[in-house]
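This report concerns only the one structure given below.
The values are calculated or read from the model by the stated rules, or taken from the named source; none is laboratory data. None of the values given here were measured: they were computed from a predicted structure. So basically every Cβ, Gly included, is an ideal-geometry build from the backbone, and we count neighbours across all protein chains shown. Quick note on the areas: whole protein, heavy atoms, side chains included, nothing else; ligands and nucleic acids left out. Shrake-Rupley method; radii C 1.70, N 1.55, O 1.52, S 1.80 Å.
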Amino acid sequence: TSEALPPSRPAEPQRSLPAARRRVVDSRRFQIGYNLEGVGPSGVSSVDLYITDDLGATWYHYGTDDDNVSPVLVEVPGDGTYGFTLGVRSGAGLSSDPPQNGDVPSILVVVDQTPPVLELLPVQQGLGQHSNRLMITWKCKDANLTDKPVTLSYSPTGQAPWIPIAGPLENTGSYVWTIGAGVASRFTLRIEARDLAGHVQTVDTAQPVVIDQAKPTAK
(Lines give C-alpha, C1' and ligand atoms only; values in the text may rest on other atoms or scores of the structure.)
Protein backbone atom coordinates (compact mmCIF):
# COMPACT_ATOMS: atom_id res chain seq x y z
CA THR A 1 0.00 0.00 0.00
CA SER A 2 1.08 3.59 -0.60
CA GLU A 3 2.65 5.28 2.42
CA ALA A 4 3.64 8.63 0.97
CA LEU A 5 2.85 10.15 -2.37
CA PRO A 6 3.91 13.54 -3.70
CA PRO A 7 1.02 15.97 -4.23
CA SER A 8 -0.38 16.41 -7.72
CA ARG A 9 1.49 18.97 -9.79
CA PRO A 10 0.65 20.48 -13.17
CA ALA A 11 2.51 18.99 -16.12
CA GLU A 12 5.82 20.73 -16.74
CA PRO A 13 7.37 21.47 -20.14
CA GLN A 14 9.77 18.90 -21.47
CA ARG A 15 13.33 19.40 -20.22
CA SER A 16 16.61 17.55 -20.20
CA LEU A 17 16.31 14.28 -18.30
CA PRO A 18 19.05 12.41 -16.45
CA ALA A 19 20.60 9.28 -17.88
CA ALA A 20 17.83 6.84 -16.98
CA ARG A 21 15.38 4.68 -18.83
CA ARG A 22 12.28 6.58 -19.87
CA ARG A 23 8.78 5.33 -20.71
CA VAL A 24 5.69 7.29 -21.73
CA VAL A 25 2.24 5.98 -20.73
CA ASP A 26 -1.29 7.33 -21.12
CA SER A 27 -2.66 6.26 -17.74
CA ARG A 28 -2.14 7.19 -14.08
CA ARG A 29 -2.12 3.46 -13.28
CA PHE A 30 0.71 1.32 -14.64
CA GLN A 31 3.01 -1.53 -13.67
CA ILE A 32 6.76 -1.57 -13.05
CA GLY A 33 8.48 -4.90 -13.57
CA TYR A 34 11.66 -5.98 -11.85
CA ASN A 35 14.11 -8.88 -11.61
CA LEU A 36 15.55 -10.05 -8.30
CA GLU A 37 19.27 -10.87 -8.43
CA GLY A 38 21.79 -12.17 -5.91
CA VAL A 39 19.13 -13.67 -3.63
CA GLY A 40 20.69 -15.70 -0.81
CA PRO A 41 19.39 -18.66 1.16
CA SER A 42 17.29 -16.41 3.45
CA GLY A 43 15.26 -15.26 0.47
CA VAL A 44 13.60 -11.87 0.13
CA SER A 45 11.53 -10.34 2.92
CA SER A 46 10.41 -7.15 1.15
CA VAL A 47 10.63 -5.15 -2.08
CA ASP A 48 10.22 -1.40 -1.54
CA LEU A 49 9.41 1.15 -4.22
CA TYR A 50 10.62 4.74 -3.99
CA ILE A 51 9.22 7.61 -6.08
CA THR A 52 10.33 11.11 -7.06
CA ASP A 53 8.40 13.76 -8.99
CA ASP A 54 11.31 16.22 -9.37
CA LEU A 55 13.87 14.05 -11.19
CA GLY A 56 15.52 12.80 -8.01
CA ALA A 57 15.81 16.01 -6.03
CA THR A 58 13.39 14.61 -3.44
CA TRP A 59 12.50 10.97 -2.79
CA TYR A 60 9.47 9.40 -1.13
CA HIS A 61 8.78 5.84 -0.03
CA TYR A 62 5.87 4.84 -2.28
CA GLY A 63 5.13 1.48 -0.71
CA THR A 64 6.03 -2.21 -0.43
CA ASP A 65 5.16 -4.88 -2.96
CA ASP A 66 2.70 -7.20 -1.23
CA ASP A 67 3.91 -10.46 -2.75
CA ASN A 68 7.54 -9.67 -3.68
CA VAL A 69 6.74 -10.83 -7.20
CA SER A 70 7.12 -8.62 -10.28
CA PRO A 71 5.39 -6.43 -11.36
CA VAL A 72 4.34 -3.82 -8.82
CA LEU A 73 1.22 -1.73 -9.48
CA VAL A 74 1.64 2.04 -9.32
CA GLU A 75 -0.88 4.88 -9.35
CA VAL A 76 0.20 8.54 -9.52
CA PRO A 77 -1.85 11.74 -9.03
CA GLY A 78 -1.77 13.01 -12.60
CA ASP A 79 0.29 13.92 -15.64
CA GLY A 80 3.98 14.48 -15.07
CA THR A 81 7.39 12.84 -14.97
CA TYR A 82 7.99 10.34 -12.16
CA GLY A 83 11.19 8.55 -11.26
CA PHE A 84 11.39 5.19 -9.49
CA THR A 85 13.99 3.11 -7.68
CA LEU A 86 13.59 -0.26 -5.95
CA GLY A 87 15.04 -1.43 -2.67
CA VAL A 88 15.24 -5.12 -1.67
CA ARG A 89 15.62 -6.55 1.85
CA SER A 90 16.78 -10.11 2.44
CA GLY A 91 15.24 -12.52 4.92
CA ALA A 92 18.26 -11.88 7.14
CA GLY A 93 17.52 -8.14 7.17
CA LEU A 94 20.28 -7.03 4.78
CA SER A 95 19.35 -4.35 2.27
CA SER A 96 20.78 -1.57 0.17
CA ASP A 97 20.40 2.03 1.34
CA PRO A 98 17.23 3.82 0.16
CA PRO A 99 17.74 6.56 -2.44
CA GLN A 100 18.98 9.87 -1.11
CA ASN A 101 17.79 13.26 -2.30
CA GLY A 102 19.74 14.02 -5.45
CA ASP A 103 20.11 10.39 -6.56
CA VAL A 104 19.25 9.58 -10.18
CA PRO A 105 16.13 7.40 -10.69
CA SER A 106 16.51 3.89 -12.09
CA ILE A 107 13.58 4.48 -14.45
CA LEU A 108 11.48 7.46 -15.51
CA VAL A 109 7.81 7.18 -16.35
CA VAL A 110 6.12 10.09 -18.12
CA VAL A 111 2.36 10.08 -17.62
CA ASP A 112 0.71 11.88 -20.55
CA GLN A 113 -3.08 11.70 -20.81
CA THR A 114 -3.41 14.74 -23.08
CA PRO A 115 -3.36 14.63 -26.90
CA PRO A 116 -1.28 17.18 -28.82
CA VAL A 117 -2.63 20.71 -29.27
CA LEU A 118 -2.92 21.07 -33.04
CA GLU A 119 -3.99 23.95 -35.28
CA LEU A 120 -4.10 23.94 -39.07
CA LEU A 121 -3.44 27.43 -40.46
CA PRO A 122 -4.86 28.77 -43.75
CA VAL A 123 -3.18 27.20 -46.77
CA GLN A 124 -1.55 29.34 -49.44
CA GLN A 125 -1.33 28.53 -53.15
CA GLY A 126 1.75 29.61 -55.03
CA LEU A 127 1.66 32.17 -57.83
CA GLY A 128 2.87 32.12 -61.39
CA GLN A 129 5.09 29.14 -62.16
CA HIS A 130 4.54 27.93 -58.59
CA SER A 131 0.74 27.75 -58.85
CA ASN A 132 0.93 23.96 -58.47
CA ARG A 133 2.45 24.30 -55.01
CA LEU A 134 0.54 24.56 -51.77
CA MET A 135 2.07 25.90 -48.57
CA ILE A 136 0.62 23.99 -45.61
CA THR A 137 1.33 25.48 -42.18
CA TRP A 138 0.36 24.39 -38.69
CA LYS A 139 1.00 24.81 -34.97
CA CYS A 140 1.55 21.72 -32.84
CA LYS A 141 2.43 21.62 -29.14
CA ASP A 142 2.99 18.63 -26.87
CA ALA A 143 5.66 17.82 -24.31
CA ASN A 144 6.07 14.27 -25.63
CA LEU A 145 5.80 14.37 -29.41
CA THR A 146 7.40 11.61 -31.45
CA ASP A 147 10.47 12.51 -33.51
CA LYS A 148 8.27 12.84 -36.62
CA PRO A 149 4.74 13.42 -35.33
CA VAL A 150 2.96 15.02 -38.30
CA THR A 151 1.14 13.33 -41.18
CA LEU A 152 -0.67 15.11 -44.03
CA SER A 153 -3.43 13.70 -46.24
CA TYR A 154 -6.40 14.82 -48.32
CA SER A 155 -9.78 13.62 -49.53
CA PRO A 156 -11.81 14.90 -52.53
CA THR A 157 -15.03 14.05 -50.67
CA GLY A 158 -14.02 15.02 -47.15
CA GLN A 159 -14.50 11.41 -46.07
CA ALA A 160 -12.49 8.18 -46.10
CA PRO A 161 -10.39 7.07 -47.83
CA TRP A 162 -7.76 9.72 -47.05
CA ILE A 163 -4.95 9.91 -49.58
CA PRO A 164 -1.44 10.44 -48.13
CA ILE A 165 0.40 13.65 -48.97
CA ALA A 166 3.48 13.36 -46.77
CA GLY A 167 4.61 11.98 -43.46
CA PRO A 168 5.60 11.23 -40.93
CA LEU A 169 7.18 14.69 -40.83
CA GLU A 170 9.14 16.60 -38.22
CA ASN A 171 7.21 19.32 -36.43
CA THR A 172 8.68 22.14 -38.52
CA GLY A 173 5.38 24.00 -38.82
CA SER A 174 5.22 24.00 -42.61
CA TYR A 175 5.33 21.80 -45.70
CA VAL A 176 5.27 22.67 -49.40
CA TRP A 177 3.15 20.22 -51.39
CA THR A 178 3.70 20.01 -55.13
CA ILE A 179 0.27 19.05 -56.43
CA GLY A 180 0.26 16.32 -59.07
CA ALA A 181 -1.90 16.16 -62.18
CA GLY A 182 -4.26 13.57 -60.70
CA VAL A 183 -5.27 15.63 -57.66
CA ALA A 184 -8.80 17.04 -57.68
CA SER A 185 -9.12 20.82 -57.76
CA ARG A 186 -11.32 20.74 -54.64
CA PHE A 187 -10.50 18.68 -51.56
CA THR A 188 -10.40 18.58 -47.77
CA LEU A 189 -6.98 18.72 -46.15
CA ARG A 190 -6.19 16.72 -42.99
CA ILE A 191 -3.31 16.93 -40.54
CA GLU A 192 -2.58 14.43 -37.77
CA ALA A 193 -0.15 14.69 -34.87
CA ARG A 194 0.97 11.80 -32.67
CA ASP A 195 2.70 11.75 -29.28
CA LEU A 196 4.74 9.07 -27.53
CA ALA A 197 1.76 8.01 -25.40
CA GLY A 198 -0.13 7.02 -28.55
CA HIS A 199 -2.55 9.95 -28.66
CA VAL A 200 -3.47 11.16 -32.14
CA GLN A 201 -4.98 14.59 -32.75
CA THR A 202 -6.69 15.18 -36.11
CA VAL A 203 -7.72 18.47 -37.71
CA ASP A 204 -9.44 18.96 -41.07
CA THR A 205 -9.86 22.19 -43.02
CA ALA A 206 -13.21 23.74 -42.13
CA GLN A 207 -13.91 24.43 -45.82
CA PRO A 208 -12.64 22.52 -48.87
CA VAL A 209 -9.43 23.79 -50.39
CA VAL A 210 -9.90 25.00 -53.98
CA ILE A 211 -6.88 24.89 -56.29
CA ASP A 212 -7.20 27.01 -59.42
CA GLN A 213 -4.31 26.90 -61.88
CA ALA A 214 -6.24 28.49 -64.75
CA LYS A 215 -4.89 31.75 -66.23
CA PRO A 216 -7.85 33.85 -67.43
CA THR A 217 -7.40 36.11 -70.45
CA ALA A 218 -9.56 38.77 -72.04
CA LYS A 219 -9.94 39.98 -75.62
Inset, instruction - Work out, step by step, the length gained on full extension between Tyr60 and Arg22: first 0.36 nm times the residue separation, then minus their alpha carbon distance; give nm to one decimal. - result: 11.8 nm
Inset, instruction - Just the number, please: carbon plus sulfur as a percent of the accessible area of the chain, 1.4 Å probe, no ligands or DNA/RNA counted. - result: 49 percent
Inset, instruction - Could you let me know the centre-to-centre spacing of the range 121-161 and the range 61-80, using Cα atoms, in angstrom? - result: 42 Å
Inset, instruction - Report Rg(Cα)/(2.2 N^0.38 Å) for the range 72-141, keeping two decimals. - result: 2.27
Inset, instruction - Set the Förster distance to 45 Å, then compute FRET efficiency between Leu36 and Gln207 from the Cβ-Cβ distance, nearest 0.05. - result: 0.15
Inset, instruction - Determine how large the accessible area of Ser185 is when every protein chain is in place; take a 1.4 Å probe and give Å² rounded to the nearest 10. - result: 70 Å²
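Between Val117 and Lys219, what is the FRET efficiency for a Förster distance of 45 Å, r being their Cβ-Cβ separation, to the nearest 0.05?
Here the calculated transfer efficiency is 0.30.
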Legend entry - Rounded, prolate or oblate (a/c below 1.5 giving rounded, otherwise prolate when a/b exceeds b/c) for the range 50-89 by Cα gyration tensor: oblate
Legend entry - Chain lengthening between Gln100 and Asn68 when straightened (0.36 nm per residue, less Cα-Cα): 9.2 nm
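Please report, in whole Å³, the volume per residue of the convex hull around the C-alpha atoms of the chain.
It is 160 Å³ per residue.
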Inset, instruction - For an R0 of 45 angstrom, estimate the FRET efficiency from the Cβ-Cβ distance between Arg29 and Gln129 and round to the nearest 0.05. - result: 0.20
Legend entry - chymotrypsin sites (Phe, Trp or Tyr not before Pro) restricted to the range 152-214 and DSSP loop, no more than 12 other C-beta within 10 Å: none
